[in-house]
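Novice: The structure follows.
The values are calculated or read from the model by the stated rules, or taken from the named source; none is laboratory data. All figures in this text were calculated on a predicted structure; none of them were measured in a lab. Surface accessibility is based on the protein's heavy atoms, side chains included, excluding ligands, DNA and RNA. Shrake-Rupley method; radii C 1.70, N 1.55, O 1.52, S 1.80 Å.
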Amino acid sequence: MLLPALLLPWLALLAIGPPRLRAAALIVAPLPLALLAFIDVAAIKLPPLLLGASFAVDAGNRPLLLLAGVGWSLAAAFVGAAVRRHPMRFAGFWLLTLAGQAIALLAADLASFYCGYALMTLASYGLIVHRQSDAAWRAGRVYLLLALTAEMAILAGLLTLAAANGNARFDTLDAARVGSLGAAPWLLLAGFALKLGVAPLHVWLPLAHPVAPVPASAMLSGVLVKTGLLGMLRLLPAGSVDAELLVAIGLAGAGYGALVGLTQTRLKTVLAYSTVSQMGLALAAFGALQAAGNASAASDAVLLFALQHGLNKAALFIAAGHRLHGRLAHALFLMPALALAGLPLSAGALAKDALKATFDGSGFGGVTLALSLASALTTALLLHAYRLAREDRHGRQSIHPAWPLLVVAGVLLPWLWAWPHASVIDVGRLWGGLWPVLLGAAGHAVVGRMPGVRMPPLPEGDLLLPFERAARVVLPRLVAAGERWRDWQPQWPFPRTIAAQATRRAEQLLLQLPVAGIGLLLVLGGVWLLLRYP
């Protein structure tokens, strides 16, 4: 089953011509990933590939395989309804992105993971710029610049890791090996955090999601960013980086993303900032994992959080392609929204309870209040998104089947996955999860009834704007200075001129036969000495 999961996206590329065959290929290609989440298969090794590629299924990738299989398949069902222009081109980039993520999710060694991750990163660019509008090209430029920066950081970290351990399998890495490599863990962390969309490295995310087609936004925000989380879990074992710093950055990013999202006026942008906020929580939970006494349980909690967030966020982005017409549509929007907020008995509450247990077990029990306040901000943010969705008159009026199916998946699959390990429902914890939701709803209601009270609007991309403005001023001056330097002619012997003349004279001397012959004899003599006296 491993080989079909890896090869099917590539084979599906051959079937993207006829519309019906293309639709079936997009839906079927990810399904083996979901099946692998529930079955035991032997690892496979492919020595002729790369440096000896190996692929496996284990506890570290099963929840994300389930998320990818279900998320990609149901979002693909909506592609035909959402993408009217250039459907074959979109399908090609869609399948290449899926192929890259499948390789990254199933990889068991450094080289295979990086190749899949790089393919996923570059192919995603085609999904972002698909509409070819000015906003899409701008978002694509920002995404590509930051994505390549992240790739350079990850590659540098991986090469440092490989220099000490070879093309190591993930199950052979430990904190002692990784933590002793100087800057390598921090390079890996920075690269994955940028792709994860954690503030302040998030600026590509609120630009890319609004301009991409709805199914692409659902995958970018719901599924693809989680591959960065897997990279951190695979390559940075517990104890390899500073836990306190990650927790602080993650919680600050969670609050920042929610507050900036409350200033936005476009639905998909609000949902993008919601992802920034939630990925801040994921980074904080990963930080707690670094200090956890039971790293396995902490990893399970982080993966459960990723599973429920991915399914519910994908459902909300598919909702953005509909009009909220009728009670069913309103309910289908509110169910995943309140789950992300952590409403008691929802999948989101289950995941956040697991995160709180992780923080308590890592010595960060004092951040429980911060998690509750983050839930309150998430509630206010998603109710703001709900208001924008009610006012939106674009999109389908009839409900596409992919939407309710994703909502049902977000409700059921996290519970089914965690059921063997889920604790009995505690009435005392119900109030701990309910009051932040009530606080966020009350705050949203109060502010909504006060027309004079509004948060100052911030442009999409927020922190990117000062850099863009500075670049518009500085870059033309640098170009003009470079042109003046190019046209400047020195009036006296300049060091570069002297060096050029000396180089030409040395070259002419070396081309003379006696000098070249003596040089060749010296080289041969040196080689003989090395071989004679190793």
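Novice: So if I average 1/r over every pair of distinct C-alpha atoms in the chain and take the inverse, what Kirkwood radius in Å does that give?
Specialist: Roughly 25.0 Å, rounded to one decimal.
Novice: List the relative contact order of the chain as a percent without decimals, with contacts defined as Cα pairs under 8 Å and 6+ residues apart.
Specialist: Relative contact order for the chain comes out at 12 percent.
Novice: At a 1.4 Å probe radius, carbon and sulfur cover how many percent of the accessible area of the chain?
Specialist: 70 percent
Novice: Here's something else I'd like to know. Using Cα pairs under 8 angstrom and six or more residues apart, how large is the relative contact order of region 235-390, in percent?
Specialist: Answer for region 235-390 is 29 percent.
Novice: Rg over Rh of region 55-130, using C-alpha atoms and the Kirkwood radius, what does it come to?
Specialist: Rounded to two decimals, Rg over Rh is 1.02.
Novice: Continuing with the same structure: Jot down the radius of gyration and Dmax of region 164-315, Cα atoms only, both in angstrom.
Specialist: Rg and Dmax of region 164-315, Cα atoms, are 15.6, 50 Å.
Novice: Sort out for me the Cα centre separation of region 69-129 from region 274-302, rounded to whole Å.
Specialist: Between the Cα centres of region 69-129 and region 274-302 lies a distance of 25 Å.
Novice: Dividing the Cα convex hull volume of region 293-414 by residue count, how many Å³ per residue is that?
Specialist: Considering the Cα atoms of region 293-414, their hull volume per residue is 84 Å³.
Novice: Using a probe radius of 1.4 Å on heavy atoms only, what accessible surface per residue do you get for region 122-252? Whole Å² is fine.
Specialist: Ligands and nucleic acids excluded, the result is 32 Å² per residue.
Novice: Give me the 1.4 Å probe accessible area per residue for region 281-321, excluding ligands and nucleic acids, in Å².
Specialist: Roughly 15 Å² per residue, with all protein chains present.
Novice: Got the relative contact order for region 83-224 handy, in percent, Cα pairs under 8 Å and 6 or more residues apart?
Specialist: It comes to 26 percent, rounded to a whole number.
Novice: Under 21 Å from the Cα of K268, which lysines turn up, not counting those fewer than eight places away in the same chain?
Specialist: Output for K268: K195, K226, K313.
Novice: Per 0.36 nm of contour for each residue apart, how much would the distance between D171 and L13 grow if the chain were fully extended, relative to their Cα-Cα spacing?
Specialist: 53.6 nm
Novice: Ok, one more. Enter the accessible area per residue of region 337-419 (Å², integer; probe 1.4 Å; all protein chains in place).
Specialist: Accessible surface, normalised per residue, equals 41 Å².
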